[in-house]
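Engineer: Pasting a structure here, questions to come.
The values are calculated or read from the model by the stated rules, or taken from the named source; none is laboratory data. For clarity, every value in this text was computed on a predicted model and none was experimentally measured. In this analysis, Cβ positions are derived from the backbone assuming ideal geometry, glycine residues included, and neighbour counts consider all displayed protein chains.
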């Protein structure tokens, strides 16, 4: 078989990497990636504050949609960042590429913390904000693929799902950290001071976190596989051409995008991000602090299951675990959100000193007054478990789908298109669907449809990769071979 031939003809450089070194690599890579996710998601976690400060006042829904569009702009830039930094990573080195992305991300996040508001500089504020957000997207486009490839190229073939799953935790950990920082800052400040300037502190914190990570990453060595390729003169001189210049690789990229990454993206962003804003929306109206505390606890409890899913994929296969998650997501998202609404309780006017509270427009402030916190937390925990199934194994799967010399570029592109467009625009699309239909559940049809599409395409076209050695420098990989076999069978 092709897999066995790969293992015989391509000695594994990771066989000599000590376990202690592997854990150091994982810690250094995961820390930096977690900080980049924190930087990226602090924007979304403060969406309502950003809408208030950087966009014209008068229409809260329009301002929130503008914020989500700005949020989406960062995601739209991610595939372009993957092209730029993927090329650097495949030509110069994995380590150099994700050191640069870390510095760019940290600098952009810090700039948001000092950016003047709409009230101060007018239309220039949202314009600059969009530019900063695009820069963040470019940086993140080069970060994740580099970290996943760097770790994968240090670890044994038989435990790749287990070890790379620690990189998968970082996205959830970054979101968790953003929620915790917001809760701490908001909880220790006067509300007026927080609304005026305190919300900037989570952005400014980035400069210190990035400094720590840069110091740690700068002391790391290049991956043994890339070092071997470079010493033998086998690195790609044109990663973009090698990745996208032939039909076979395009088939793999498109299959990975629609048969794995797209479904993973919508389940991730529905279960860990959209649910946060949905519970605080007028149709459910839970208190913001309560929602963020529940989500933070659910995320914390769910994190170990990324490792469980990654390790399980080493034993039974990446495809089985990921497709199970997509199918369950398509089936369960709608009823889970219905249950969340039920346990949030009825919406009633907020009363202070015997009088209904009014917002800035003179309307009564409405809020769910008696949410069942335990049941809501349990349901969100269930959503996080769905995320672990689709996301835990995907780093190993992506790395195994492409040959070494173009791996950084080829891994990054389908992942960031999937997460950048299907995932990153999900809050905007879902919020717009709710606004246009009047149904608080209308936004769920988008992730349900995409998850179902991914399940069907993945079951038909994806090749299992968990037994593949990634130490094939050249061209063929089992995914492209499988697609060629399927195409040939249809012709005959």
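Engineer: For residue 278, indicate whether it is crowded, with 24+ Cβ neighbours inside 10 Å, at pLDDT below 95 and under 18 Å from the mean Cα position of the chain (by Cα).
Structural biologist: Criteria not met by residue 278.
Engineer: Where in the range 200-246 are there helices (runs of 4 or more DSSP H), lying fully within it, with 1 or more residues that are crowded, with 18+ Cβ neighbours inside 10 Å and either modelled with pLDDT under 70 or touching a strand residue (DSSP E or B) at 6+ places or on another chain (Cβ under 6 Å) (or both)?
Structural biologist: On the way: elements: 201-204, 206-218, 224-231, 239-244.
Correct list: 224-231.
Engineer: A further question follows. Report yes if residue 133 is within 17 Å of residue 63 (Cβ to Cβ), surrounded by 17 or more Cβ atoms within 10 Å (Cβ to Cβ) and in contact with a helix residue (DSSP H, G or I) (Cβ under 7 Å, 6 or more places away or on another chain), otherwise no.
Structural biologist: For residue 133, the condition - within 17 Å of residue 63 (Cβ to Cβ), surrounded by 17 or more Cβ atoms within 10 Å (Cβ to Cβ) and in contact with a helix residue (DSSP H, G or I) (Cβ under 7 Å, 6 or more places away or on another chain) - is met.
Engineer: Let me ask something additional. Take residue 126 and decide whether it is out of contact with any strand residue (DSSP E or B) (no Cβ under 9 Å at 6 or more places or on another chain) and surrounded by fewer than 17 Cβ atoms within 10 Å (Cβ to Cβ).
Structural biologist: For residue 126, the condition - out of contact with any strand residue (DSSP E or B) (no Cβ under 9 Å at 6 or more places or on another chain) and surrounded by fewer than 17 Cβ atoms within 10 Å (Cβ to Cβ) - is not met.
Engineer: Looking at the range 339-366, which of the residues that are closer than 28 Å to residue 385 by Cα and surrounded by fewer than 14 Cβ atoms within 10 Å (Cβ to Cβ) is modelled with the lowest pLDDT? Explain how you work it out, then say what you get.
Structural biologist: Taking the range 339-366 and keeping what is closer than 28 Å to residue 385 by Cα, we get 339-346.
Within this subset, residues satisfying the condition of being surrounded by fewer than 14 Cβ atoms within 10 Å (Cβ to Cβ) are 342, 346.
On the way: 342: 95, 346: 90.
Restricting to residues being closer than 28 Å to residue 385 by Cα and surrounded by fewer than 14 Cβ atoms within 10 Å (Cβ to Cβ), the top hit is 346.
Engineer: Taking the range 411-448 on its own, how many of its residues are in contact (Cβ under 8 Å) with a residue 60 or more places away in the chain and surrounded by fewer than 24 Cβ atoms within 10 Å (Cβ to Cβ)?
Structural biologist: Residues flagged as in contact (Cβ under 8 Å) with a residue 60 or more places away in the chain and surrounded by fewer than 24 Cβ atoms within 10 Å (Cβ to Cβ) within the range 411-448 amount to 12.
Engineer: Looking only at residues in the range 317-338 that are more than 15 Å from residue 458 (Cα to Cα) and either free of Cβ contacts under 8 Å to residues at least 40 places away in the same chain or buried (at least 22 other Cβ atoms within 10 Å of the Cβ) (or both), which one is farthest from the chain's Cα centre (by Cα)?
Structural biologist: 335
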